[in-house]
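The values are calculated or read from the model by the stated rules, or taken from the named source; none is laboratory data. Treat the numbers as computed from the prediction; the structure is a model and nothing was measured. Methodologically, a virtual Cβ is constructed for each residue, glycine included, from the backbone with ideal geometry; neighbour enumeration extends over all protein chains shown. The protein model used for the area step is the full one, side chains on, heavy atoms only, and it has no ligands, DNA or RNA in it. Shrake-Rupley method; radii C 1.70, N 1.55, O 1.52, S 1.80 Å.
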Amino acid sequence: MRSSSDEPAPSSLSCDILVAGAGAAGLSVALGLAKSGFSVICAGLTQTRPNGRTVALFEGSLRFYRALDLWGALQVHSAPLKEIRIIDATGARLPINSIAFASSEIGLPAFGENIENGVLVERLAAIAADTPNLALHESLLRDVTFHSDHVAAETGRGLRIKAKLIVAADGRGSPARHKAGIGARSWPYPQTAFTAFLAHERPHRSVSTEYHTRFGPCTLVPLPPQNDHPHRSSLVWLMNAEQAKRRATLADEALACEIKEQIAHSLGQLTLEQPRGFFPMSGMRVSRLTGHRIALIGEAAHVFPPLAAQGLNLSLRDSASLIECLEDARADGRDIGVSEVLAGYARARRSDIALRTDGVDVLNRSLLSDLLPVDFLRGVGLAAFSAIGPLRRAIMREGVLPHGPLPRLMRLPSDRPTLLRAAS
Ligand SMILES: Cc1cc2nc3c(=O)[nH]c(=O)nc-3n(C[C@H](O)[C@H](O)[C@H](O)COP(=O)(O)OP(=O)(O)OC[C@H]3O[C@@H](n4cnc5c(N)ncnc54)[C@H](O)[C@@H]3O)c2cc1C
């Protein structure tokens, strides 16, 4: 149910769970919790500024959306990603061979699906507006206060909300996290991501290609056809701040020429679609994932550069794991907002978050460094991934579905108990 400004506004509401933030992470967890039978209010702004950004959603995320019966509405807007190619374009003094991974090697029809970020949020918001147990309020939250038996907050429209738990999905600056006194440490990377959609002459053949440069990867990811453009891809090109500043002022044709050169003319002629985006890169870790009546998910909990497309996939694992923790607490008749219950969620998520944050950091810094020993290690690592079959398959599996126990919503239907109660 979506609130609108012409409805007579109630002055206060109560629910089981208040979700702060209506980005991809907030809407996804709100939908999952509501479909599980919790009463949920999700507050935040769903209008996203168009920015030429997509998200590649891997197997675990697709299973999550399928389990919640959301994938059918999203799939029509996505393109499959069947092969990943990594091409070294660092100019390293030691030659580093290109490598390619095919999803068929690990028995999957595709590693995942690529979808526009704005379309994903817009579709999820539209579904949320029609989902029982879920009220979507298009307004930012303020004045979050924590009490022994509830958490309270007020929307920008003056609606007071009381809940047993607040899920902070309110992005990297997370005001809810701040109010809970949970610390965060951020650090910058000397990179800006330039993002755009490209229409091109040659087909992408469902292949995503990463050109590793000294400034970070320049990545092409397949997009579905649109209007009279049968061949389209999204571009995420990491560069330094000066290059970003200069490229932001280039005319379309000049910019298209620089892209063509960077990707070795692999897609033939190309044109840039509007809109585009420039995102300064940073990382962030939080001191803890939970506190009394609060749990953090998504970019409120972790931030790193978009290498290997891990950010939202990690956030959806946060979501699936939190839903499971809260379902179990409810089944045991426990208060879902107390620290002891939420500690189970924090324990389940700690190593996955640390592994992705550290892994992306190491990979990114290894590209930025031109020290010979670093190039050597990177070359040896890539050669080993390429040549040693079991290692190669293990890396592919880890990229799309992490090792260790999966949350129920990411298990295959045959392995999933029927705890998910679809609200009717
Ligand atoms: C260039 C680029 C490419 C990427 N590619 C991929 C990819 O291929 N695959 C992948 O998995 N990840 C990818 N990511 C990461 C992914 O995009 C992010 O992890 C994801 O979009 C973050 O979603 P979020 O909902 O956590 O945060 P956000 O999208 O930042 O949403 C937070 C929301 O909270 C709201 N908010 C803020 N304050 C308040 C408040 N007081 N009250 C209520 N709401 C509030 C904001 O308005 C916003 O809507 C990429 C990132 C970048 C930069």
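Taken across the range 254-271, residues that are within 15 Å of the ligand (Cβ to nearest atom), within 29 Å of Leu81 (Cα to Cα) and among the basic types (Lys, Arg) do not occur at all. Scanning the range 28-44 for residues that are open to solvent by 10 Å² or more (accessible area, probe 1.4 Å) and either near the ligand (Cβ under 8 Å from one of its atoms) or of a type in the set (Ser, Thr, Tyr) (or both) turns up just one, Ser39. Each residue in the range 292-323 was checked for being open to solvent by 10 Å² or more (accessible area, probe 1.4 Å) and more than 12 Å from the ligand (Cβ to nearest atom), and 2 of them qualify.
In this entry, Ala25 is excluded by the filter for residues that are more than 11 Å from the ligand (Cβ to nearest atom), at pLDDT 90 or above and under 24 Å from Leu223 (Cβ atoms). Within the range 45-80, being within 13 Å of the ligand (Cβ to nearest atom) and assigned to a loop (DSSP other than H, G, I, E, B) holds for Leu45, Thr46, Gln47, Thr48, Arg49, Asn51, Gly52, Arg53, Ser78. State which residue is nearest to Gly21 (Cα to Cα) when the search covers only the range 132-180 and only residues that are of a type in the set (D, E, K, R) and near the ligand (Cβ under 9 Å from one of its atoms). Out of the qualifying residues, it is Asp170. Those strands (runs of 3 or more DSSP E) of the range 135-176 in which 3 or more residues are buried (at least 24 other Cβ atoms within 10 Å of the Cβ) and of a type in the set (A, V, I, L, M, F, W, C) occupy 160-168. With respect to Leu289, is the statement that it is within 13 Å of the ligand (Cβ to nearest atom), crowded, with 23+ Cβ neighbours inside 10 Å and modelled with pLDDT of 95 or more true? Taking the combined requirement at face value, the residue does not satisfy it.
Going by what's in this entry, would Gly181 be described as in contact with a Gly (Cβ under 8 Å, 6 or more places away or on another chain) and on the phi > 0 side of the Ramachandran plot?
Yes: the conditions hold for Gly181.
Against the list (1) crowded, with 24+ Cβ neighbours inside 10 Å; (2) at pLDDT below 95, the condition Asn51 fails is (1). Within 11 Å of the ligand (Cβ to nearest atom) and within 22 Å of Val221 (Cα to Cα): does that describe Val121? When the stated conditions are applied, Val121 passes them.
As for the range 1-19, it holds no residue that is modelled with pLDDT of 95 or more, crowded, with 20+ Cβ neighbours inside 10 Å and in contact with an Asp or Glu (Cβ under 8 Å, 6 or more places away or on another chain). As a summary of the residue check, Glu340 satisfies the conditions (1) open to solvent by 60 Å² or more (accessible area, probe 1.4 Å); (2) touching a residue at least 60 places away in the same chain (Cβ under 8 Å) except for the one numbered (2).
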